[in-house]
Amino acid sequence: MPHLQRAARLRHGLSMLQVEATVLDALTLGILVIDERLEVLYANPSGRGMLAKNDGIAMAGNRLTLSQPKERAELRNLSMRACDPSLGPAIRPGGVMTVMRPSGRRPFTVVVKPADAKTLKSSYGNPAAIFLISDPDDQAMPGKALLARVYGLTPAEASLAGILLRGDDLNDACDEMSIQRTTARTHLQHLFQKVGVSRQAELLAVLLRTAGPVRTSSR
């Protein structure tokens, strides 16, 4: 029956929206939808957090603004090109820029992508662009439970991995875990074997990539 088919499509559409919202909420990447006036039409939780810091990138009223005049001009130019459908997708590819931060922390990286007006018009009107903002100082830290499941770690090995990921060393791990250094080194060797690396720098690099750009709640 037509009405039952419409109801089924509606339920499917709502379910997909819920899935998309869950994914966007979990990302460490800041995602903004911006119109041609630089008004922020949507920001995921990471994006809202970056704006709230007012550290080079912020909100003035409901509009996106940057602290440096040169960067503001670059941002405006990228947005104008991204939002102009008359240019065609081949001419309005968006772009990439960095945003300096008054705090002295490493710059944000901002990727500007043309928005698909047909896809987003029903929700936002005529969005100009999608902004993807990366904070190099805010990496997703995989929780101990996730590491244990992925690599088959014991609780002690997972604890050591978490301590090393914080930037602490084996001596710190010995103090926190109340173990001898020889025991800590044994745990470290087991980590090397299970993760498939031979050096501590490689170990940390692989572990950091385990969660990808997604926040995990298990610690």
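Each value in this text was obtained by applying a stated rule to the coordinates, not by laboratory testing. Values in this document were obtained by computation on a predicted structure and should not be read as measured data. As a convention, Cβ positions derive from the backbone with ideal geometry for all residues, glycine included, and neighbour counts pool all protein chains shown.
Odds and ends about this structure:
- Set of aspartates and glutamates with alpha-carbon distance to Lys144 below 19 Å, sequence-local pairs under 8 removed: Glu157, Asp168, Asp169, Asp172, Asp175, Glu176, Glu202
- Theoretical FRET efficiency, 1/(1+(r/R0)^6), r = Cβ-Cβ of Arg149 and Ala73, R0 35 Å, to 0.05: 0.15
- At R0 = 22 Å, FRET efficiency that the Cβ-Cβ distance of Met97 and Ala205 yields, to 0.05: 0.25
- Computed E for Asp168/Arg48 - FRET, C-beta separation, R0 30 angstrom, nearest 0.05: 0.50
- In a fully extended conformation the segment linking Met80 and Asp175 would gain 28.7 nm over its present Cα-Cα distance, using 0.36 nm per residue.
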